[in-house]
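Encoded as structure tokens, the structure appears first; notes follow it.
We did not get these values from a lab; they are worked out from the coordinates using the rules stated. Keep in mind the model is a prediction, meaning the values are calculated, not measured. In this analysis, Cβ positions are derived from the backbone assuming ideal geometry, glycine residues included, and neighbour counts consider all displayed protein chains.
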Amino acid sequence: EEEDLTKINEAGHKLYGTAISAGMSVLTDLASEFEHMNTFQPANMHELYERVEAEITLVLDMMEEENS
């Protein structure tokens, strides 16, 4: 679990960097939660993952609409 948590923190850090560079404040906040997570709690991670996924879908939909 500790190794998994480290990988989750690293992925959160990468997502945070991308989101902040693109000005996506909601995604930045969600990514920060992953980056700074200090305990392995699958239920919390699943909920947070779903929120990240929903935000990414929203951003992609907005980009697609803008390019149409």
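For segment 2-67, how big is the tail of P(r) above 16 Å, as a whole percent of Cα pairs?
45 percent
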Of S68, N44, Y16, which is farthest on the positive side of the dipole of the chain, counting Cα position, with +1 on Lys and Arg Cβ, -1 on Asp and Glu Cβ, and the Cα centre as origin? Y16
Quick calc: nm separation of the 7 Å Cα→Cβ label points for D29 and L60 -> 2.3 nm
Only loop residues by DSSP count here, and only those with at most 14 other Cβ atoms within 10 Å; note down the chymotrypsin sites (Phe, Trp or Tyr not before Pro) in the chain that meet that. F40
Do any GluC sites (Glu not before Pro) in segment 1-65 lie in a DSSP loop with no more than 15 other beta carbon atoms within 10 Å, and if so, which? E1
